[in-house]
Amino acid sequence: MATDRDREIYDFVRAYVARHGYAPKLREIGQATGIRSRGTVHRHLRALESEGLLAIEPDVARGTRLKGRTSAAPSYALPLLGRIAAGQPIEAIEGQDEIDLSEFFVNRNRFVLKVQGDSMIEDGILDGDMVVVEKRETADNGEIVVALIDGLEATLKRLQKNRDGSVTLHPANSRLSPLRLSAARVRVQGVVVGQFRSYR
């Protein structure tokens, strides 16, 4: 090993791949090892590559691969092939990018809930959808939150903080009424940051 820092980076990459199933980004390596410059991180990775410990795929997010692994780490990226019109048709132009799903779904501060019911249908959240939730104990007005009421019942609603200190949980369904409660009865457990659904 060329330097102690090389060994530190190699050990971090190896542990990260073992834990997540894919390689860390330069930013994540830098944060873990206290290196602010991504260029410096890249130089250390190149040194490890020259020693035969790593392989680096150019221009690929999370393109670092450990040498000697018997199976490839799973890919969490899908090709981004362009835009699709939901109004007037647009010219179809194939793109060359990828969407790294791990950035969206695989995060220690995020979890997924399966929606049951139709209280949020006017926000496009349907029964059976999956929502991606970021763990938080606070939220801004208008955000869709996972709210725990009286420590017993969890619900998905839009949050409104009232001037008198109470909160109102708004459904996105005109057939349902908002629920106004004292702030002490409501605990925010997370904020919705995305959703997905399967058609099969």
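Laboratory data are not the source of any read-out in this text; all were calculated from the coordinates shown. This one's a predicted model, so the numbers in the text were calculated from it and none came from an experiment. FYI the Cβ positions are ideal-geometry reconstructions off the backbone, even for glycines, and counts take in every protein chain you see.
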**Request:** Can you spot the lysines whose alpha carbon is less than 24 Å from Lys161's alpha carbon? Ignore those fewer than 8 places along the same chain.
**Result:** Lys135
**Complete:** To the nearest 20 debye, segment 4-66 has a Cα-centred charge dipole, built from +1 on Lys and Arg Cβ and -1 on Asp and Glu Cβ, of 220 debye
**Asked** What are the semi-axes of the equivalent ellipsoid for segment 4-66, taken as the square roots of 5 times the Cα gyration tensor eigenvalues, largest first, in whole Å?
**Response** 14, 13, 12
**Summed residue charge, Cβ within 14 Å of Gly117's Cβ, Lys/Arg positive, Asp/Glu negative** = -3
**Asked** Rounded if a/c is under 1.5, else prolate if a/b beats b/c, else oblate: with a ≥ b ≥ c from the C-alpha gyration tensor eigenvalues square-rooted, which is segment 107-162?
**Response** rounded
**Prompt:** What relative contact order, as a whole-number percentage, does segment 4-66 give when Cα pairs under 8 Å and 6 or more residues apart are counted?
**Reply:** 30 percent
